[in-house]
1. What spacing in nm lies between the two simple spin-label points modelled at Ala18 and Phe35, each 7 Å away from Cα in the Cβ direction?
2. Using the alpha-carbon atoms, what tilt in degrees (0 to 90, nearest 10) does helix 2-28 show relative to the longest principal axis of the chain?
3. Work out the charge dipole of the chain with +1 on the Cβ of Lys and Arg and -1 on the Cβ of Asp and Glu about the Cα centre, then indicate which of Pro37, Val11, Leu27 is farthest towards its positive end.
Amino acid sequence: MPATRLRRRQVIGILLVAAFILLFALLRADRRMLFPPGWWR
């Protein structure tokens, strides 16, 4: 079934792209914006 393999590859590719975008956004963001003082309370 080459169709299921292609679908799985598409899903893995989309997840990888989303993970890279999230990682890039977290690295670009300001630490004070991500974790404001008292965020754990």
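1. Label-label distance for Ala18 and Phe35, simple model: 2.5 nm.
2. Between helix and principal axis, roughly 20 degrees.
3. Checking the options against the dipole of the chain, the answer is Val11.
Every number in this text was worked out from the coordinates using simple rules, so none of it is lab data. Because the structure is a prediction, the values reported are computed rather than measured. Positions of Cβ are generated from backbone atoms using ideal geometry, with glycine treated the same way; all protein chains shown enter the neighbour counts.
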